[in-house]
Each structure stands twice: as C-alpha cells, then as structure tokens.
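J.: Okay, handing you the structure first.
The values are calculated or read from the model by the stated rules, or taken from the named source; none is laboratory data. Since the model is a prediction, treat every value here as computed from it, not as a measurement. Counting neighbours? That spans all protein chains shown, and the Cβs are built from the backbone with ideal geometry, glycine included.
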Amino acid sequence: MDYTAFVRKAKQQDARNAFETYTGSLDAVPDDLKSFYRTCNPVDVELDINDAAVRFCPALELPETQQEYSYLNAQFVFATCNGDPIFLHDNIVYTCAHGVKEPKWEKLSGSFAQYLAAV
C-alpha cells in the first residue's frame, strides 16, 4: 500500500510530524501493519482528529506499548488518543477506554488502510 497521502496530510497538519524507514525486527507486528512501519515508521507523529490528539507509536516503542495495554488480550495497539488505545483486531481498527476493568470496544474503521484514509 502507498502511504504517501497519509504522510502528506500528517505533515500538512504539523510540519514537526516525522516519519522514517525502519529496518529492525517487526516479528510481533501484524502483517497489515508491517509495510507501514517499514516505509513510514511514525517516529514523532501526533494528529488532531476530531479535536482529539492521536499519537502514533513508533516501531521502537511498540513492545512497551503492548505491555501497557496488555489487558486487551493481545490486541495490537498502534496509536493512542488521549491515553486510550487504538488497536487492530482481526484487521479491524478499534478503540476503548483505558483503565476500565471491562472495556467496551468501539469500531473506528474496517481496516488499517481505511483508518489512515479517513484521517
């Protein structure tokens, strides 16, 4: 997939948003996200989406992020919105409240590609 439009929109929103290629291990990353992290690793990316700050997790922080949100039972968190996880499960993007004992998932998009396109 070509992520050029997403990167362009992110940089237009804030020129400080930074992406780079990543050559490290992505063994724990779902297949749907590997090409994104290889070509557009969000080193320092925060976007204002509907008046909420969405921070994309850089590849090097992904293991720590998964630990922090481990209560989601192995769902893959790739971003946060004001501390709430944004994650992929069965190729669908969800969010839920952080710190809630039994969080209710809210579907954000039918796929990672659709999520980026909607941003």
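J.: Of these, Tyr37, Tyr71, which one is aromatic (Phe, Trp, Tyr), more than 22 Å from Ala118 (Cβ to Cβ) and without any contact (Cβ under 8 Å) to a residue 40 or more places away in the chain?
T.: On inspection, the qualifying residue turns out to be Tyr71.
J.: Something else: Of (1) of a type in the set (Ser, Thr, Tyr); (2) touching a residue at least 24 places away in the same chain (Cβ under 8 Å); (3) farther than 21 Å from Val119 by Cα, Thr80 satisfies all except one. Which?
T.: (3)
J.: If you scan region 79-96, which residues turn out to be farther than 15 Å from Pro63 by Cα and among the hydroxyl-bearing types (Ser, Thr, Tyr)?
T.: Tyr94, Thr95
J.: Okay, next question. Across region 1-21, what is the total count of residues that are free of Cβ contacts under 8 Å to residues at least 12 places away in the same chain and in contact with a Leu (Cβ under 7 Å, 6 or more places away or on another chain)?
T.: Matching residues across region 1-21 total 0.
J.: Collect the residues in region 31-53 that are in contact with a Cys (Cβ under 8 Å, 6 or more places away or on another chain), within 12 Å of Asn17 (Cα to Cα) and among the β-branched types (Val, Ile, Thr), keeping them in residue-number order.
T.: none
J.: Please state which of the following conditions Thr21 fails to meet, knowing it meets all the rest: (1) of a type outside the set (Asp, Glu); (2) out of contact with any helix residue (DSSP H, G or I) (no Cβ under 9 Å at 6 or more places or on another chain); (3) farther than 17 Å from Phe76 by Cβ.
T.: Checking Thr21 against (1) of a type outside the set (Asp, Glu); (2) out of contact with any helix residue (DSSP H, G or I) (no Cβ under 9 Å at 6 or more places or on another chain); (3) farther than 17 Å from Phe76 by Cβ, the one that fails is (2).
J.: Here is a further query. Determine whether Ala117 is within 22 Å of Lys11 (Cα to Cα), of a type in the set (Gly, Ala, Ser) and touching a residue at least 40 places away in the same chain (Cβ under 8 Å).
T.: yes
J.: Would you call Leu62 within 11 Å of the chain's Cα centre (by Cα), modelled with pLDDT of 95 or more and closer than 12 Å to Leu116 by Cβ?
T.: It is false that Leu62 is within 11 Å of the chain's Cα centre (by Cα), modelled with pLDDT of 95 or more and closer than 12 Å to Leu116 by Cβ.
J.: Related question: Which ones in region 105-119 are more than 14 Å from Ala52 (Cβ to Cβ) and hydrophobic (A, V, I, L, M, F, W, C)?
T.: Correct list: Trp105, Phe112, Ala113, Leu116, Ala117.
J.: So, of the residues in region 67-81 that are modelled with pLDDT of 90 or more and touching a strand residue (DSSP E or B) at 6+ places or on another chain (Cβ under 6 Å), which turns out to be nearest to Pro42 (Cα to Cα)?
T.: Ala79
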